[in-house]
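Below is one structure, written out as structure tokens, with a few remarks after it.
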Amino acid sequence: MLRQITVTATALNPTSSQATGEVKIADLYRGQAGSLSDALRSVAGINFLQTGPTILKPVIQGMHSNRIVIINQGLKQEGQQWGADHAPEIDPFQAGKLSVVKGAASVRYGAEALGGVILVEPEALPGEKGLKGAFQLAGNSNGRGGTLQAKLANKWGSNLAWRLIGSLKMSGDHQAPGYQLTNTGAREQSAALNLGWSLKNYRMRLDISHFGSEFGILRSAHIGSLQDFLDAIGSEQPLIVEPFSYEINSPRQRVQHELLKWEVQRNYNRLGQLKWVYGWQWDQRQEYDIRRAGRSAIPSLDLDLHHHSLEGPLQHRPWPVFKKGPLGLSSYYRLNRNIPGTGVRPLIPNYTAAGAAVYGVEQWKHGAVEWEAGWRYDYQYFRAKKFSREGYLETHELQFQNVSGLAGMTWKFHPDWSLKTNLASAFRPPNASELFSEGLHHALASIEEGNPNLLPERSAKLIPSLQWTGRSNGTLELSLFGQYVRNYIYLRPEPEPRLTIRGAFPVFTYHQTDARIWGGDFSAGRDLVPDKLHLSLKGAIVRGRDLDADDYLIYLPADRWELEMTWNADLPNSKVHFETSLAPVYTAMQRRAPADVDFLPPPPAYWLLNWHNTLRLPLQGKELWIGMDIDNALNTRYRDYLDRLRYYADALGRNVQVRMRYIL
């Protein structure tokens with residue numbers, strides 16, 4: 001079997017009773033040549049909200065965007081994550097470990113964690129001298145793209161360690177079975193610097209990272225007239241199909257994200273471990289539309305966001321009753337503004353937001369059962385300024401506060417079996433987009449309209465999880481969940497498109513209801529031939545009801561199942577290791593969507609076949625990994641219900657990826 005790597009990380013740890021999923025090292029290496037979502041594909045219960053072939057957002061048990069918190073290098077990732085087309089500004093090559101916390105996790109990770117948390121944890125800095133690192137090169141047939149990545153780390157003296165990381169990615173127009181997806185190229189570059197100092201009772205760490213990307217939006221999603229829009233919706237192929245190109249033209253989006261984190265940790269003999277973590281993030285998002293008179297080079301949306309945060313968690317030493325648990329304070333300040341000069345009414349207004357919280361989680365053990373309980377108080381202030389249609393300046397001030405709680409247990413009732421149960425409450429104030437959107441969201445090719453009367457979402461979620469680990473690499477995990485969300489906010493398509501001076505577009509408006517969401521995740525595996533042939537199965541089911549309308553919830557993922565058979569072998573008379581896996585994936589038709597609400601009915605069910613191969617060669621104390629992966633090997637034609645551009649085109653056809661990774 002491929003080796004497992006244990007990585008000491010600085011990210012916040014999930015509570016023990018929460019269901020979690022971790023990306024294996026081989027899957028992480030494979031996914032690092034793509035996006036963060038590509039690296040998370042192997043986790044049971046994860047789906048993806050898409051805007052064409054290059055923009056993907058993780059969905060955890062039916063929740064996404066502002067209902068999921070991403071902890072990146074120990075900081076809550078802050079950007080314009082409210083948009084369905086706004087993928088996380090994170091390069092997975094900077095991660096040493098990826099994991100997913102399923103369930104409401106607001107107590108530990110803050111408001112908005114109604115659906116779960118994604119932990120992007122950096123590798124531990126070297127503890128001894130000697131150059132360490134990795135180089136990776138990858139190429140893709142679909143999009144004719146390439147990836148070049150490198151990381152180097154070392155230790156200077158007895159106290160200072162460092163790491164440098166760099167990554168470049170490029171692709172041209174992608175291809176569906178039978179035709180090009182015009183204007184779907186992408187560019188991405190990222191870099192990071194990690195520095196760490198260790199003294200007697202102190203540890204300090206500085207993390208600086210840069211992420212930049214530019215994505216083209218399917219040209220056929222921007223239509224000139226109402227008749228063209230009606231012709232494009234559900235057509236067999238896009239109205240505009242041009243030869244392959246690496247050019248990225250309007251409509252397109254450009255994103256830049258900068259992050260700085262300064263962490264100071266001190267160990268006290270009696271008190272425990274105290275940290276102070278300061279974070280600064282700057283996010284710039286520009287979206288370009290097809291405009292007349294040569295103005296396509298001027299962004300139609302130009303957002304600039306600055307975010308400051310300060311957190312002080314204390315991991316206390318064991319007390320007479322309580323085993324362990326963090327206590328902490330956190331605060332933030334956010335400034336979001338529109339850069340003048342677009343010539344377009346801003347989609348969302350200028351706003352400032354600030355908040356503070358205090359929280360605590362405690363764990364104790366009694367016999368074979370480990371218990372935990374936690375609480376959190378949040379206060380948030382929000383002020384937005386916008387011009388009314390009549391030209392008057394309006395100021396909107398809102399304040400939110402809430403107390404969240406959790407209770408859980410882990411019962412190890414057999415050496416091979418354990419049962420986890422977690423009950424947690426959470427809340428999420430409406431964001432600026434949901435409250436005040438007013439106009440064309442260019443990258444999604446849709447008009448969005450906010451609702452200033454929205455109330456905060458309040459949620460209660462229960463997750464029981466059963467786990468088994470046995471002989472012959474046998475594993476089983478079944479996680480069920482049930483969630484009630486009061487004042488659930490959702491984006492609903494209106495029945496008629498709207499014609500503007502920039503073309504005809506579908507209209508989406510924000511609404512609110514009480515909702516019930518439930519389902520389950522399943523994964524199991526076992527060796528059929530010891531240490532040679534392994535069979536695994538995983539699946540996810542999500543159900544949701546709009547309780548006010550007594551109807552289904554819109555835009556929940558369809559049922560999905562994946563069967564994977566993996567063969568491992570060490571080549572004769574050598575230390576070369578080979579692994580190959582074949583994985584058919586079935587995605588059902590979403591038959592539980594509200595009728596006559598969407599522009600098109602949900603697409604039919606589909607099968608995909610994926611084939612992954614890895615060869616690992618030792619080279620004088622180093623390692624060379626060579627991989628070849630074929631996704632959608634049968635070049636199946638399909639459309640996915642969670643793809644916002646499924647109205648206009650099919651999803652990606654076959655892609656062959658070849659990659660090499662040299663590990664120092």
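Cα atoms only, the range 551-664: Rg and Dmax in Å?
Final numbers for Rg and Dmax: 19.6, 64 Å.
If you take every DSSP beta bridge fully contained in the chain, what fraction is antiparallel? Give it as a percent rounded to 5.
In the chain, DSSP labels about 95 percent of beta bridges as antiparallel.
Give me the aspartates and glutamates in straight-line cross-link reach of residue 261: C-alpha distance below 17 Å, same-chain residues under 8 apart excluded.
Excluding near neighbours in sequence, the set is 78, 89, 91, 121, 123, 207, 283, 311.
Output the peptides 63-72, 345-354, 580-589 sorted from most to least packed, where packing is the average of other Cβ atoms within 10 Å over each peptide's residues.
63-72, 345-354, 580-589
Where does the charge balance sit around residue 238 when Lys and Arg score +1, Asp and Glu -1, over other residues with C-beta under 14 Å from its C-beta?
Its environment carries a net charge of -3.
Taking the Cα centroid of the range 298-345 and of the range 373-393, what is the distance between the two, rounded to the nearest whole Å?
So the two Cα centres are separated by 15 Å.
Contact order normalised by length for the chain, with contacts defined as Cα pairs under 8 Å and 6 or more residues apart; what percent is it?
12 percent
Can you give the calculated 222 nm mean residue ellipticity of the chain, where each DSSP H run of n ≥ 4 adds -39,500 (n - 2.57) and the sum is split over every residue, rounded to the nearest 500 deg cm²/dmol?
-1000 deg cm²/dmol
Excluding same-chain residues fewer than 8 positions from residue 323, which aspartates and glutamates have a Cα within less than 13 Å of its Cα?
Of all the aspartates and glutamates, those that pass the test against residue 323 - Cα under 13 Å, at least 8 places apart if same chain - are 362, 370, 372.
Calculate, for residue 421 and residue 268, the FRET efficiency according to 1/(1 + (r/R0)^6) with r their C-beta to C-beta distance and R0 41 Å; round to the nearest 0.05.
0.75
Find out how many positive minus negative residues lie around residue 189, taking Lys and Arg as positive, Asp and Glu as negative, among other residues whose Cβ is under 15 Å from that of residue 189.
For residues surrounding residue 189, the net value is -1.
Normalised by the number of residues in the range 243-397, what is the relative contact order in percent for Cα pairs under 8 Å and 6+ residues apart?
16 percent
Compute the Cα gyration tensor for the range 367-447, then decide on rounded, prolate or oblate, letting a ≥ b ≥ c be the square roots of its eigenvalues: rounded whenever a/c is under 1.5, prolate when a/b is larger than b/c in the other cases, and oblate in all that remain.
Oblate, because a/c is 1.5 or more while a/b does not exceed b/c.
How do 255-265, 99-109 rank on mean C-beta neighbours within 10 Å, highest first?
Packing proxy ranking, top to bottom: 99-109, 255-265.
Determine ³J(HN,Hα), in whole Hz, for all residues of the range 66-78 in sequence, where each value follows from phi through the Karplus function 6.51 cos²θ - 1.76 cosθ + 1.60 and θ = phi - 60°; x replaces Gly and Pro.
Calculated HN-Hα couplings, in order: 6, 9, 10, 9, 10, 9, 10, 6, x, 10, 5, 5, 10 Hz.
Can you list, largest first and rounded to whole Å, the semi-axes you get for the chain by taking the square root of 5 times each eigenvalue of its Cα gyration tensor?
36, 31, 26
Note down the relative contact order for the range 364-492 as a percent, whole number, built from C-alpha pairs under 8 angstrom at least six residues apart.
19 percent
For the range 221-351, report the % of Cα-Cα distances exceeding 17 Å.
Cα-Cα pairs in the range 221-351 separated by more than 17 Å: 74 percent.
Which pairs, out of 24/102; 102/169; 155/200; 97/132; 102/532, put more than 20 Å between their alpha-carbon atoms?
Listed pairs above 20 Å: 102/169; 102/532.
So for the range 52-144: antiparallel DSSP bridges make up what percent, rounded to the nearest 5?
Of those bridges, close to 65 percent are antiparallel.
Take each of the peptides 161-169, 561-569, 418-426, average the number of other beta-carbon atoms within 10 Å over its residues, and list them starting from the highest.
Going by the mean number of other Cβ atoms within 10 Å, highest first, we get 418-426, 161-169, 561-569.
No lab work stands behind these numbers, since they all come straight from the coordinates. Because the structure is predicted, anything quoted here is derived from the model rather than measured. Neighbour counts run over all protein chains shown; Cβ positions are idealised from the backbone, glycine included.
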